[in-house]
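Below: one structure, written as structure tokens.
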Amino acid sequence: MLEVSYEWDRLAPPRSLREFETHWSRRGDPHSFSGVWRFHALLPFAPRGDCVTIGEGQTLLQRSDQVARYVGLDAGRLFLQYEGMNPSGSFKDNGMSAAFTHSRLTGAKKAACASTGNTSASLALYCAVTRLMRAVIFVGSGKIAYGKLSQALDYGALTVQVAGDFDDAMRRVKEVSQQLGIYLVNSVNPFRLEGQKTIMFRVLEALGWEVPDWIIVPGGNLGNSSAFGKAFRELLELELIPRAPRLAVINAAGADTLYNLFEHQGLRWNGGRPDPLLIRQYYEDMDRQQRRAETIASAIEINRPVNLTKCLRALDTCRGVVREVTDQEILDAKAQVGAGGLGCEPASAASVAGLKRLVAEGVIGPEERVVCILTGHQLKDPTATVAYHTTDQDLFDKVLGSRGVRRATFANRAVSVANDLNEIIRAIELYG
Ligand code: F0G
């Protein structure tokens, strides 16, 4: 695994985070408008004028007292960082703008990724808008939500459905990219992570540059958590923040490699020497038992996270913890997020479900200031949402019951009425 590393003493890093505020008055300049490149001084791997942007990172931090109440935090202590507002509807655009900036330096003509849907949607969009490369995407068959698949198809990506799951597609795309010399944009690509650091810069910016107590993020391929750790490591090194927040990475219970290795088997960063034997044995057992990732949160349905060791480093920097949450907890949390404002896709709600657990355990106190990252837009996975709120028991059983979800505690069910004015009025008076 490669990492981008800067010789700060030969660069011009900011002396205070407040320096970034000067960009707000220059929104006509695309690099000041971009929520990634206005922080260029903290990811200066290419000249500012060469950086690729399609307007990513116009995201917001929403205070949500309703969701705070649900998870057991005091009012005013929970903030949701809504990355669904990116051009392709997920946080991936932060990383894609950085990967495209680097790929342009290499002169690559084709870019590929394996994806549970959002990376492929983002890659396809950046290709369509910039025309810099042709997109080749690998997806597991039947494994990605329709919102995301529809984006890749609409944006014109060459879509390769591999008979298998994400972990299979990931292995193949690495082989294919190497053989054909295609630029790989999965988060093994260290430039992706540079772009994703800026999610944390925007969180700090929205909090008036104050460091929150906790950052909570869903864990799939572990690119985001790794990027967040790097962001805080560098901000500490540059003495731009007094301390790092604590980090909680939340796995789905059906895709919980990090949780098992970190919380049960004691795997640690260990000063840059995590125990390779622990990891190897874990994967060997998994293969022997033919265990496959399985969760309604298809974005994080991943058993072999490529950034595992980088994430261990982030957990080390940020005194992190890892938890797992069931599909039931994820969907209930998602319904609460939806009812409280902006909405998100299932994987994103894992962060809120994980927070609820950590508050119940007493790891997070009700007065602590917490930021959950909502990684993807509500419209990414309409099937999961409709199945949760449906009155159609067959649909519920097919989509959710089959995954062990028993209840839709917070369902907002549609009311069926005859096409009759009086009945419609009666229904509104009864339920409205
Ligand atoms: N949330 C969403 C909405 C995602 O799409 C992903 C990853 C994650 C969380 C997990 O982030 O991998 O950095 O730990 N989606 C990838 C994809 C794997 O292919 O779109 P991570």
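The values are calculated or read from the model by the stated rules, or taken from the named source; none is laboratory data. Given the structure is predicted, the values throughout are model-derived calculations rather than measurements. All Cβ positions, even for glycine, are placed from backbone atoms using ideal geometry, and neighbour counts span all protein chains on display.
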*Can you give me the ranges of the helices (runs of 4 or more DSSP H) entirely in the stretch 1-115 with at least 2 residues that are of a type in the set (Ser, Thr, Tyr) and at positive phi?*
none
*Give me a count of the residues in the stretch 325-343 that are within 14 Å of the ligand (Cβ to nearest atom) and under 14 Å from residue 219 (Cα atoms).*
2
*Would the stretch 365-378 turn up any residue that is among the basic types (Lys, Arg), within 24 Å of residue 85 (Cβ to Cβ) and within 16 Å of the chain's Cα centre (by Cα)?*
no
*In the stretch 378-402, which residues are touching a residue at least 40 places away in the same chain (Cβ under 8 Å) and either in contact with a Cys (Cβ under 7 Å, 6 or more places away or on another chain) or over 30 Å from residue 93 (Cβ atoms) (or both)?*
378
*Output yes when any residue across the stretch 345-363 is within 11 Å of the ligand (Cβ to nearest atom), over 26 Å from residue 184 (Cβ atoms) and in contact with a His (Cβ under 8 Å, 6 or more places away or on another chain), and no when none is.*
no
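For every residue, the table says whether it meets (1) in contact with a Pro (Cβ under 7 Å, 6 or more places away or on another chain); (2) among the hydrophobic types (A, V, I, L, M, F, W, C); (3) assigned to a helix (DSSP H, G or I).
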position: 188; (1), (2), (3): no, yes, no
position: 194; (1), (2), (3): no, no, yes
position: 199; (1), (2), (3): no, yes, yes
position: 208; (1), (2), (3): no, no, no
*asked:* So in the stretch 144-168, with the set limited to residues that are among the acidic types (Asp, Glu) and free of Cβ contacts under 8 Å to residues at least 40 places away in the same chain, which one is nearest to the ligand (Cβ to nearest atom)?
replied: 168
_Hits in the stretch 33-57 - residues which are surrounded by fewer than 18 Cβ atoms within 10 Å (Cβ to Cβ) and without any contact (Cβ under 8 Å) to a residue 24 or more places away in the chain_ = 47, 48, 49
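This table checks each residue for (1) assigned to a strand (DSSP E or B); (2) within 15 Å of the ligand (Cβ to nearest atom); (3) at pLDDT below 95.
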site: 284; (1), (2), (3): no, no, no
site: 312; (1), (2), (3): no, yes, no
site: 319; (1), (2), (3): no, no, no
site: 322; (1), (2), (3): yes, yes, no
*Taking the stretch 195-217 as the search range and keeping residues that are over 17 Å from residue 239 (Cα atoms) and of a type in the set (A, V, I, L, M), which one is farthest from the ligand (Cβ to nearest atom)?*
207
*Taking only pairs six or more apart or across chains, which ones have beta-carbon atoms under 8 Å, a first residue in the stretch 282-307 that is under 20 Å from residue 148 (Cβ atoms) and among the polar types (S, T, N, Q), and a second residue that is modelled with pLDDT of 95 or more and more than 16 Å from the ligand (Cβ to nearest atom)?*
303/286
_Only listed residue being surrounded by 24 or more Cβ atoms within 10 Å (Cβ to Cβ), among the basic types (Lys, Arg) and either over 19 Å from the mean Cα position of the chain (by Cα) or near the ligand (Cβ under 10 Å from one of its atoms) (or both), chosen from 109, 92_ = 92
*For the stretch 68-88, what are the residues that are under 12 Å from residue 343 (Cα atoms) and within 11 Å of the ligand (Cβ to nearest atom)?*
83, 84
*If you go through the stretch 384-400 one residue at a time, do you hit one that is among the hydroxyl-bearing types (Ser, Thr, Tyr), touching a helix residue (DSSP H, G or I) at 6+ places or on another chain (Cβ under 6 Å), under 25 Å from residue 117 (Cβ atoms) and not in a loop (DSSP other than H, G, I, E, B)?*
yes
_With the structure loaded, tell me whether residue 129 is surrounded by fewer than 24 Cβ atoms within 10 Å (Cβ to Cβ) and either at pLDDT 95 or above or within 15 Å of the ligand (Cβ to nearest atom) (or both) or whether it fails that test._
yes
*In this structure, does residue 262 turn out to be within 12 Å of the ligand (Cβ to nearest atom) and not in a loop (DSSP other than H, G, I, E, B)?*
no
*Subset of the stretch 218-238 (residues that are outside any helix (DSSP H, G or I) and within 16 Å of the ligand (Cβ to nearest atom))*: 218, 219, 220, 221, 222
*Could you tell me whether any residue of the stretch 140-161 is within 20 Å of residue 32 (Cα to Cα) and touching a Lys or Arg at 6+ places or on another chain (Cβ under 8 Å)?*
no
